[in-house]
Amino acid sequence: MGTFEEDMLLDAEDDRRTVEYIQNYLPQDLKDKFTEEELYYFIDVIGEYYVGLLDKHNGDEDIDIDVEEVAKYVARQAKKDKMGEFDPEDLRWVVDGELEYGETQN
């Protein structure tokens with residue numbers, strides 16, 4: 001296992017690659033809608049959502065991820081955290097992109 005610093009660098013690099021993947025994944029009409037900072041924020045919030053799912057999960061069955069629910073959660077958190085108001089329909093593309101990136105890593 002690496003040091004804390006090495007782990008942090010690996011996490012930061014993975015986040016950078018995730019954001020880059022999402023930027024390329026978004027349809028043309030959404031490419032300029034989200035800043036890089038917002039995408040980093042979104043992947044953090046998506047991660048928090050997944051942690052919450054895992055906490056509720058008893059391990060007996062597969063976890064189904066409802067992209068629509070995740071997008072709504074991200075929109076609510078963004079508003080609550082004063083990051084702005086975002087349309088969950090637009091955020092679905094971000095969530096899909098994050099999931100697709102994860103699939104490429106497994």
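Per-structure values
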{"item": "Members of the stretch 25-36 that are touching a residue at least 12 places away in the same chain (Cβ under 8 Å) and assigned to a helix (DSSP H, G or I)", "result": "TYR25, LEU30, GLU36"}
{"item": "Some residue of the stretch 52-64 being crowded, with 16+ Cβ neighbours inside 10 Å, in a helix (DSSP H, G or I), of a type outside the set (Asp, Glu) and out of contact with any Pro (no Cβ under 6 Å at 6 or more places or on another chain)", "result": "no"}
{"item": "Extreme residue, modelled with the lowest pLDDT, among residues of the stretch 1-44 that are hydroxyl-bearing (Ser, Thr, Tyr) and more than 15 Å from PHE86 (Cβ to Cβ)", "result": "THR3"}
{"item": "Test result for THR104, more than 15 Å from the chain's Cα centre (by Cα) and modelled with pLDDT under 95", "result": "no"}
{"item": "Search result, residues across the stretch 29-40 that are under 11 Å from ASP15 (Cβ atoms) and among the hydroxyl-bearing types (Ser, Thr, Tyr)", "result": "TYR40"}
{"item": "Single match in GLY52, GLY84, GLY97 (criterion: without any contact (Cβ under 8 Å) to a residue 12 or more places away in the chain and not polar (S, T, N, Q))", "result": "GLY52"}
{"item": "Residues that are loosely packed, with under 12 Cβ neighbours inside 10 Å and among the hydroxyl-bearing types (Ser, Thr, Tyr), drawn from the stretch 86-106", "result": "THR104"}
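The values are calculated or read from the model by the stated rules, or taken from the named source; none is laboratory data. The structure displayed is predicted, hence computed values, not measured ones. Don't worry about glycine lacking a Cβ; one is built from the backbone with ideal geometry, like all the others, and counts go over all protein chains shown.
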